[in-house]
1. Have a look at Leu73, Leu15 and point out the one that is open to solvent by less than 60 Å² (accessible area, probe 1.4 Å), at pLDDT 95 or above, of a type in the set (A, V, I, L, M) and touching a strand residue (DSSP E or B) at 6+ places or on another chain (Cβ under 7 Å).
2. Given the conditions (1) of a type outside the set (A, V, I, L, M); (2) buried (at least 17 other Cβ atoms within 10 Å of the Cβ); (3) free of Cβ contacts under 8 Å to residues at least 60 places away in the same chain, and given that Asn52 satisfies all but one, which numbered condition is not satisfied?
3. Hey, can you tell me all the residues within the range 10-35 that are closer than 17 Å to Ser126 by Cβ and acidic (Asp, Glu)?
4. Among (1) loosely packed, with under 14 Cβ neighbours inside 10 Å; (2) among the aliphatic types (A, V, I, L, M); (3) away from the ligand (no atom under 13 Å from the Cβ), which single condition is Ala39 missing?
5. If Tyr133 meets every condition in (1) of a type in the set (Phe, Trp, Tyr); (2) within 15 Å of Val6 (Cα to Cα); (3) surrounded by fewer than 16 Cβ atoms within 10 Å (Cβ to Cβ) apart from one, which number is that one?
6. For residues that are among the β-branched types (Val, Ile, Thr) and farther than 19 Å from Leu28 by Cβ, scanning just the range 62-85, find the one that is nearest to the ligand (Cβ to nearest atom).
7. Name the pairs: first residue in the range 98-114 and over 13 Å from Tyr23 (Cβ atoms), second residue of a type in the set (Lys, Arg) and near the ligand (Cβ under 9 Å from one of its atoms), Cβ to Cβ under 9 Å, at least 6 apart or on different chains?
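The values are calculated or read from the model by the stated rules, or taken from the named source; none is laboratory data. Predicted model, so just to flag it, every value in this text is computed and none were measured. Cβ sites come from the backbone with ideal geometry, for glycine too, and all protein chains shown count toward neighbours. Just so you know, the surface numbers come from the protein's heavy atoms only, side chains and all, with ligands and any DNA or RNA stripped out. Shrake-Rupley method; radii C 1.70, N 1.55, O 1.52, S 1.80 Å.
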Amino acid sequence: MNKILVIHGPNLNLLGTRESNIYGKVTLDEINKTLLKVAQQNDIELIIIQSNHEGEIVDKIGRSKEGGIAVILINPAAYTHTSVAIRDAIAAVNIPAVEIHLSNIYAREEFRHNSLIAPVSHGQISGFGAESYYLGLKAAINLIKGEAK
Ligand code: DQA
């Protein structure tokens, strides 16, 4: 069975209560449940992690090749804008990554406009709330099925 690694970065465990005017009221648990359901319908195994620690995320990405991961779906959260280490890990494993943001990072503070992850990602989805994850999963599945370029 094809495997997709889903990585939720720092503070996304607080979704539902965290700045709900920006991120909405949906919880991470609810997002994960929907992702798992869609994955199951498509015969895809999802491995889902949330971490507030950069090194842990780097380790997970670094081990994804030996874990047989086909695509990485990642919301790097604040590390989007700061983490050379996560960027380098994605480049190192050479597995297609789909970058996700709930909010439109380009419509927010200037420090959020630059993503260090985008240049090493296959593509980015930003600004659709929880729907960004579902669109991202669809894109990841299409990559696996060879229906995307
Ligand atoms: C975010 C956007 C980031 O700028 C922010 O630091 C986050 C969440 C988003 O999903 O919109 O934590 O990645």
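1. Of Leu73, Leu15, the one residue that is open to solvent by less than 60 Å² (accessible area, probe 1.4 Å), at pLDDT 95 or above, of a type in the set (A, V, I, L, M) and touching a strand residue (DSSP E or B) at 6+ places or on another chain (Cβ under 7 Å) is Leu73.
2. In the conditions (1) of a type outside the set (A, V, I, L, M); (2) buried (at least 17 other Cβ atoms within 10 Å of the Cβ); (3) free of Cβ contacts under 8 Å to residues at least 60 places away in the same chain, Asn52 misses (2) alone.
3. Of everything in the range 10-35, just one residue is closer than 17 Å to Ser126 by Cβ and acidic (Asp, Glu), namely Glu19.
4. (1)
5. Condition (3) is where Tyr133 drops out.
6. Once the filter is applied, the top-ranked residue is Thr82.
7. What qualifies is Tyr106/Arg112.
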